[in-house]
């Protein structure tokens with residue numbers, strides 16, 4: 001079945017620095033790649049997504065890049081703030097609304 | 001407009017019992033999918049329903065089942081509960097109009113199930 005690998009599992013940065021989380025996927029049919037932020041005890045919240053016909057997408061301090069040839073995509077957060085601290089999940093979608101998730105990255109932003 | 005609503009939010013069950021969880025999708029959304037989240041296994045897809053039909057199914061035993069009603073509301077049922085079924089069960093909804101993939105998917109707050 002489909003497999004999504006996510007790295008790193010934990011990431012600690014200083015406030016104001018950038019954070020990068022990387023994911024690789026296995027199914028070449030995947031064509032939708034969302035990123036979710038999950039705070040403790042809360043639901044995963046969609047923060048940005050990218051479709052396979054686009055190589056990069058940006059929304060304020062958050063950007064996502066996609067390399068379909070290499071089957072990897074990355075989340076970039078610039079000028080990190082303490083409220084960015086959470087667990088981030090990448091996912092891919094290759095059938096209906098079935099998402100395959102990466103293992104998650106716990107991001108800690110130190111003030 | 002209201003988001004994805006799940007009930008109950010918290011519940012405790014005994015091994016061997018069964019449980020039913022409910023999900024109301026965002027208005028206008030026809031696809032509902034269910035996920036299990038545990039510390040050890042992460043977020044795993046259970047199944048997806050679209051227009052009252054199961055469209056995709058994850059790799060879970062037959063004790064896990066679901067259904068969707070004509071108003072798009074969905075329920076999932078777990079029979080003969082095991083300790084390992086303790087988890088956060090998340091419902092997600094989307095328009096579902098793109099069959100192959102590519103629909104934006106939104107999650108509910110989840111139902112926390114503890115099996116003792």
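Here are a few things to note about the model shown:
- For region B:27-83: rounded, prolate or oblate by the Cα gyration tensor [a/c cutoff 1.5]: prolate
- Cβ-to-Cβ counts within 10 Å put A:69, B:20 in ascending order as A:69, B:20, the fewest first.
- Contact order relative to length of chain A, as percent, for alpha carbon pairs under 8 angstrom and 6 or more apart: 37 percent
- Compactness index (Cα Rg / 2.2 N^0.38 Å), chain A: 1.01
- Alpha carbon Rg of region A:17-59, scaled by the compact-globule rule 2.2 N^0.38 Å: 1.35
- Compactness relative to 2.2 N^0.38 Å, alpha carbon Rg of the protein assembly as shown: 1.01
- Structural descriptor for region B:1-93: relative contact order 35 percent, calculated from alpha carbon pairs under 8 angstrom and at least 6 residues apart.
- Counting neighbouring beta carbons within 10 Å and listing from fewest to most, the residues A:54, A:20, B:4 come out as A:54, A:20, B:4.
- Evaluated at q = 0.14, 0.20 Å⁻¹, the base-10 log of the normalised Debye intensity for chain B, with identical point scatterers placed on the Cα atoms, takes the values -0.52, -1.04.
- Beta bridges per DSSP, both residues in chain B: antiparallel share near 90 percent.
- Over region A:45-104: Rg over Rh, Cα atoms, Kirkwood Rh: 0.96
- Inter-chain shielding of B:51-61 (mean C-beta neighbours from other protein chains, 10 Å cut-off): 1
- Set of region B:25-69 residues, backbone N closer than 14 Å to the point 7 Å along the Cα-Cβ line of residue B:2: B:25-29
- Inter-chain shielding of B:79-92 (mean C-beta neighbours from other protein chains, 10 Å cut-off): 1
Taken together, the values in this text are just the output of simple stated rules run on the coordinates, not laboratory data. As the structure is a prediction and not an experimental result, all values here were calculated from the model. Ideal geometry is used to build each Cβ from the backbone, glycine not excepted, and the neighbour counts take in all protein chains shown.
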